[in-house]
1. Excluding LEU255 itself, what net charge comes from residues whose Cβ is under 15 Å from its Cβ, given Lys and Arg +1 and Asp and Glu -1?
2. Report, ordered by chain and residue number, the lysines lying within cross-link reach of LYS518, taken as a straight Cα distance under 25 Å and ignoring same-chain residues fewer than 8 apart.
3. Taking θ as phi - 60°, what are the ³J(HN,Hα) couplings along the stretch 54-67 by the Karplus curve (6.51, -1.76, 1.60), each to the nearest whole Hz, with x for Gly and Pro?
4. Mind ranking 595-602, 361-368 by how tightly packed they are, going by the mean number of other C-beta atoms within 10 angstrom, highest first?
5. So who's got an amide H within less than 5 Å of the one on ALA299, skipping anything under 5 residues away but keeping other chains? H placed 1.01 Å off N, in plane.
6. So for SER346, SER143, what's the accessible-area order with a 1.4 Å probe, most first?
7. Nearest-5 percent of antiparallel DSSP beta bridges in the stretch 319-609?
8. Rounded to the nearest 10 Å², what accessible area does CYS100 show when all protein chains are kept and the probe is 1.4 Å?
Amino acid sequence: DGRAKLRLRHYFEHSADLMVGSEGGPPRWFSPLDVGPSSEQAPVMLYLPGPIGDGLGLMLHHHRFGKIFNMWCLHIPLQDRTSFTDLVKLVENVVVTEHCRAPRRPIYLFAESFGGCLALAVASRNPSIDLVLILANPATSFSSFLVPKQPFIVQGKVPSSLLFAISLLSGLSCVPLKMLGSNILKLLPLEHILGEMFQDSAALSRYLSAIGDVLTVETVIWKLNLLQSAASYANSRLHAVKAQALILASGKDQLLPSREEAERLHKLLPKCEVRVFEDADHALFLNEDIDLVPTITGASFYRRGGRHDYVFDYLPPTPSEFEKIYNDVRWFEAFTGPVMLSTLESGEVVRNLSGIPSEGPVLYVGYHMMMGLELIPLVTLFLKERNVLLRGIAHPMVFMKKKEGRLPSISSFDIFRTFGAVPVSATNFYKLFSSKSHVLLYPGGVREALHRKGEEYKLFWPEQSEFVRMAAKFGAKIIPFGAVGEDDVLQLLVDYDEQMKVPSFKNFIQEITDEAIKLRNDAGGEVGNQDLYMPVVAPRLPGRFYYYFGKPIETQGWRGEELKRRENADELYLQVKGEVEKCLQFLKEKRENDPYRNIFARLAYQTVNGFDSEVPTFEL
């Protein structure tokens, strides 16, 4: 992304200005933006830097963070000799002041490396204050073996090993190669690439020159001793940390064992989550491939009050953030070649999403494919083609587990929360409809998504018609839809019934079911059978996914006393269910006449007509 690389260049330029223009003096706070957040309810965010202390480590994210946080950054001049305990008190004073000013609002401490130790120390001393810690590669694993002794200093020069350590801690070790690589990968004209490289090199050279002018042997020794002191202080007080913490660990950290340290902290801190970035180095905040807002949204770590509100605290991805996510999953779209059909008000069926209302509230009710395979194309194409964000009503296991065990980690479901999924509840339904959202609901839930052999495209809906009443209360349009194609990409080899006959499989099913929060305990029959299991499947030569959105069903005429009578609500409920079944039947019949149902037929068409061309389908 060109804008990210430009901000990276600005980082080196501004950091150099801070070091050259600084006259030493005590640490100080500054705001990196001219304007504050758009909402008065935005929480305060304090950025605590690494050992270089320039306070600009979040520069790639300033613009985005400035819209959702009241942001302040700590600058610690290189020549400063403030002790670690005094730095703790400095940050603590601001934390206490902000807590007194807004006691019901959380205070965020974003920190990296050395700053992570500082954040943990402050949190340990203030367990009653609502703090949220976002820590990138915290230096709590820093060891004294990196701190040199004076005899190894020759003629007042800084050994190359120490400069390497400082460069790693400040994020310089891999950034130059990344900047060079990003220029080459753009496949721009040579003169343009050379011009970009010259500007990048000039900014980086000025930064290194500024460090060289102020980085004396004594400063290096002081910084490394400060790191050792910080790690010892923080580690000795981890038992007192009660704050919510998200540890961001780099998979290719060349200085600290950040992945292992993240797991250690996860076991020691009571409210801790971990996210690992496999290809990132120590300077995680300077990695232009990482968007921090979707990361904290996906982990449900952004909130404005004492508790996270899945509806009103949600931060939708920006177009650039969506593009990065979409690029990671677009292979699945190419793999399944989705066909989207919608119905206009006139009743005409069209091959696009123009029949989808632009304004909410809208409730989409449909069939859940095996393991929810239909979700990726469905959600991404709605956002891409209509700029409509589908807020999915999801099983609680997407958000929490009763206990750790053999279920996938919560981080496996970050993508659902990034795109706005909320736990199923009447309260969340109410909030979504009141905010005029587009809501996605699968009444069949887990039982439908983990169906057995021979149950493809069979609905497992409960008898209760509560979603109809809630939709009618807000006059929401209900759009029934069907999605078919799972049997064209997967073959179910061993299902639930077969696994329950094998003792080892049966024990596994009971274990993972006990780990998850269970729904519909009071429901009878197949709907109440919500046991979780891992279907054994085999891939098939890819066919195609088909989606058909029926004509919107108006509920405004059902307001008032009519739906209080159960028989009226049941009538509308059965109408919606019948329309979903019609959509499924329509697609199953029509796909038989699609000459491009097979992936090879689609590839042959796109080879001739271009890989961005829309592949035809059956006649409507």
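1. Details: positive: LYS223, LYS252, ARG259; negative: GLU112, ASP253, GLU260, GLU261, ASP281.
Taking every Cβ under 15 Å from that of LEU255, the sum is -2.
2. LYS271, LYS401, LYS402, LYS403, LYS431, LYS453, LYS458, LYS501, LYS506, LYS577
3. Per-residue couplings from phi come out as 5, x, 10, x, 9, 4, 5, 10, 4, 4, 5, 5, x, 8 Hz.
4. Highest-to-lowest ranking by the protection proxy: 361-368, 595-602.
5. The answer is none.
6. On the way: SER346 95, SER143 45 Å².
Heavy-atom accessible area, descending, gives SER346, SER143.
7. Details: 11 of 29 bridges.
Just about 40 percent of them are antiparallel.
8. For CYS100, solvent-accessible area is about 100 Å².
The values are calculated or read from the model by the stated rules, or taken from the named source; none is laboratory data. Just so we're clear, the structure is a prediction, and the values are computed from it rather than from any experiment. With ideal geometry, Cβ positions are generated from the backbone for all residues, glycine too; neighbour counts draw on all protein chains shown. We work out accessible area using only protein heavy atoms, side chains counted, and drop any ligands, DNA or RNA first. Shrake-Rupley method; radii C 1.70, N 1.55, O 1.52, S 1.80 Å.
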